[in-house]
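Inspection log for the structure reproduced underneath, given as structure tokens.
The values are calculated or read from the model by the stated rules, or taken from the named source; none is laboratory data. Owing to the predicted nature of the structure, the values given are computational and were not obtained by experimental measurement. Cβ coordinates were reconstructed from backbone atoms using ideal geometry, including for glycine residues, and neighbour counts include every protein chain displayed. Ligands, DNA and RNA are excluded from the accessible area calculation, which covers all protein heavy atoms including side chains. Shrake-Rupley method; radii C 1.70, N 1.55, O 1.52, S 1.80 Å.
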Amino acid sequence: MSPPSGPVADSPSPANCSVRKRTAAPPPPPPKKYRSMAEIMRVAKPSVPVTGEYYSDLRCEECRSGDRDEEMILCDRCDRGYHLYCLRPIAVRVPSGPWFCPSCGGERQFRRFPMMQTKIIDFFRIQGAEEKSGHSQDGRKRKRSSLVMYKKRRRILPFTPTENSARRLEQMSSLATALIAMHMKFSNELTYMPRMAPKSANQANLEKDGMQVLPKEDKETLELCRSMYKRGECPPLLVVFDPLEGFTVQADGPIKDMTLITEYTGDVDYLKNREHDDCDSMMTLLLAKDPSDSLVVCPDKRGNIARFINGINNHSRDGRKKENLKCVRYDVNGECRVLLVACRDICSGERLYYDYNGYEQEYPTHNFV
């Protein structure tokens with residue numbers, strides 16, 4: 001049977017067909033030609049060395065002076081210059097790492113926040129109230145009976161906590177705020193961390209010219225103050241933020257001459273490990289006969305209120321008049337310890353300053369405010 005002669009109904013007519021053309025692929029790019037380093041060096045222009053004349057017109061953004069350029073640092077972002085002593089708070093030395101000016105780094109704004117009593121107890125690891133009551137009365141009796149004797153013999157006095165518990169909470173809250181802002185943990189004792197100096201390295205008999213031994217009565221005072229702090233009975237001090245000096249400490253009540261303010265605490269490390277550290281709060285702990293045995297206290301990770309007490313420019317007469325604390329290193333049971341003690345009566349509201357140079361007389365305090 002032959003197929004039908006007419007057109008198939010399902011077959012599209014040529015008029016209705018759309019012809020699709022395949023786009024031709026682009027030609028491959030020509031291979032890149034790289035010049036050899038020898039060829040580049042032949043045509044490269046010699047670079048102009050940067051000399052001191054490059055910065056001859058540099059001016060401090062604060063005082064607008066170009067003098068003393070050896071004490072000027074440049075921002076790593078905007079390249080503007082600032083004298084070390086024109087910054088607020090001042091910089092003691094040129095930072096070893098990147099440094100950004102106040103405009104590029106952003107002004108740090110610190111706000112004291114209220115802390116609940118339970119948070120304070122956890123933060124400072126305060127002991128329970130039942131243990132507090134018995135020892136507290138004993139401590140007060142000891143202070144009253146021995147006050148005159150201590151003063152007469154120039155012994156160290158224990159601090160007198162504020163009686164108002166709400167005020168003590170405010171004092172401890174101010175310290176907690178500063179510690180948190182500096183990313184620090186509270187520690188009221190020397191700490192020995194891995195890869196730093198071990199506790200066995202802290203030997204007072206290694207001191208180059210010998211170290212004075214803390215008398216028995218003063219050791220009792222030190223232990224009394226430590227136990228009071230553990231019970232939440234802190235010295236009458238308040239940490240405040242000053243736009244010129246940064247965090248600083250002021251008396252929140254009258255403090256008598258020879259009162260123990262605090263012990264300088266933090267991580268103990270060898271001085272040789274910190275020679276290029278730009279932390280401005282390291283404290284000498286041991287100046288050994290062998291320099292490789294010398295130790296420092298580093299309160300950058302752990303510490304107490306001593307971290308925020310400012311050093312004083314003890315080279316000037318005005319600086320010495322502001323000094324109201326002495327920083328003294330003692331042999332306490334064979335270990336080196338650093339104590340801050342009032343060297344005169346301190347009024348409520350007065351800022352605390354001490355002689356940072358201490359024994360070695362080498363710390364650069366001439367720029368201190």
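Quick look at the values:
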quantity	calculated
Which numbered condition S173 misses (of (1) on the phi < 0 side of the Ramachandran plot; (2) assigned to a loop (DSSP other than H, G, I, E, B))	(2)
Selected residue [at pLDDT 90 or above, under 30 Å from T118 (Cβ atoms) and among the charged types (D, E, K, R)] from E207, E223	E223
Test: residue in the stretch 276-299 that is free of Cβ contacts under 8 Å to residues at least 40 places away in the same chain and of a type in the set (D, E, K, R)	no
Candidate set from the stretch 72-89 (those that are open to solvent by 30 Å² or more (accessible area, probe 1.4 Å) and closer than 22 Å to N310 by Cα); member that is modelled with the lowest pLDDT	P89
So N333, is it at pLDDT 90 or above, surrounded by 18 or more Cβ atoms within 10 Å (Cβ to Cβ) and more than 21 Å from the chain's Cα centre (by Cα)	no
Selection from the stretch 248-267 of residues that are more than 17 Å from C225 (Cα to Cα), at pLDDT 95 or above and under 15 Å from the mean Cα position of the chain (by Cα)	V249, G266, D267
Where C347 falls short, out of the listed (1) surrounded by fewer than 16 Cβ atoms within 10 Å (Cβ to Cβ); (2) within 24 Å of I180 (Cβ to Cβ)	(2)
Matching entry among R35, R59, R68, R42 (being at pLDDT 80 or above, out of contact with any Asp or Glu (no Cβ under 9 Å at 6 or more places or on another chain) and open to solvent by 100 Å² or more (accessible area, probe 1.4 Å))	R68
Within the stretch 194-210, tally of residues that are open to solvent by 30 Å² or more (accessible area, probe 1.4 Å) and in a loop (DSSP other than H, G, I, E, B)	8
Checklist (1) within 29 Å of S292 (Cβ to Cβ); (2) in contact with a Pro (Cβ under 7 Å, 6 or more places away or on another chain); (3) buried (at least 18 other Cβ atoms within 10 Å of the Cβ) applied to T191, failing item	(2)
Test: residue in the stretch 306-320 that is surrounded by 21 or more Cβ atoms within 10 Å (Cβ to Cβ), of a type in the set (V, I, T) and either touching a Leu at 6+ places or on another chain (Cβ under 7 Å) or at pLDDT 90 or above (or both)	yes
Checking E233 against (1) part of a strand (DSSP E or B); (2) surrounded by 21 or more Cβ atoms within 10 Å (Cβ to Cβ), the condition it does not meet	(1)
